[in-house]
């Protein structure tokens with residue numbers, strides 16, 4: 001596994017935020033034990049999150065201080081009036097300091113809620129980045145698989161055990177049509193190259209066949225979008241004595257309808 005890709009995948013951020021599944025938590029802890037650089041990266045993430053939490057504390061607007069002081073003065077005036085009033089007429093009330101405490105608590109709650117909202121936004125961003133990174137990794141893996149497949153196909157073409165078979169047009173068909181089958185009985189592989197095979201008419205498909213003792217066996221419908229440079233892996237038929245292409249209704253047929261090209265092994 002590429003350690004740098006693993007660090008950049010976003011899973012460490014999710015682990016630090018407690019957003020991992022149980023299996024992912026176990027995986028991260030095992031990777032930290034095996035790779036010190038992963039633990040260092042996680043420690044750095046923890047430090048960044050702590051800085052973010054501190055930075056999330058938003059300073060209240062300047063006007064808020066003036067409003068608080070006005071509230072304090074009003075409460076102080078009310079307290080003074082209550083102290084000069086007769087004791088028997090004074091109703092039971094909360095002290096101004098209690099009310100001021102509620103005001104300050106409300107302000108603290110609002111600031112804390114804003115900080116949590118900003119922190120949650122950072123969590124969402126990290127999760128989105130992780131998903132994007134995972135998608136990129138999957139795309140890279142798909143490209144690597146295709147590249148490996150292409151390299152294997154090219155290597156197969158150069159082997160002495162591979163038999164190149166040219167399929168040419170039958171009488172009455174365009175002589176410009178050509179296709180190739182590369183048949184390797186020793187390795188059990190067969191490749192098909194459309195070469196000079198034109199696009200089928202509308203509502204029709206080209207279909208590849210192997211002939212064994214004169215009996216056709218379908219090797220599948222040739223994709224309409226296959227280019228002349230394409231090299232397609234097709235089913236292997238061990239005892240094939242010839243290969244043919246027929247024109248069929250879209251989607252193919254169980255038996256050939258109109259054979260247009262043929263090539264003998």
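Take residue 251 and decide whether it is surrounded by fewer than 19 Cβ atoms within 10 Å (Cβ to Cβ), out of contact with any helix residue (DSSP H, G or I) (no Cβ under 7 Å at 6 or more places or on another chain), touching a residue at least 24 places away in the same chain (Cβ under 8 Å) and farther than 21 Å from residue 162 by Cα.
Yes.
What is the one condition in (1) exposed (fewer than 13 other Cβ atoms within 10 Å of the Cβ); (2) touching a strand residue (DSSP E or B) at 6+ places or on another chain (Cβ under 8 Å) that residue 195 does not satisfy?
It fails just one condition, (1).
Scan region 224-241 residue by residue and report those that are farther than 22 Å from residue 201 by Cβ, without any contact (Cβ under 8 Å) to a residue 40 or more places away in the chain and touching a strand residue (DSSP E or B) at 6+ places or on another chain (Cβ under 6 Å).
Correct list: 239, 241.
Give 244, 195 a once-over and let me know the one that is closer than 15 Å to residue 263 by Cα, modelled with pLDDT under 90 and assigned to a strand (DSSP E or B).
195
The values are calculated or read from the model by the stated rules, or taken from the named source; none is laboratory data. Here the structure is a predicted model, which means the values were calculated and not measured. A quick note on method: Cβ atoms are made from the backbone with ideal geometry, for glycine too, and the neighbour counts reach across all protein chains shown.
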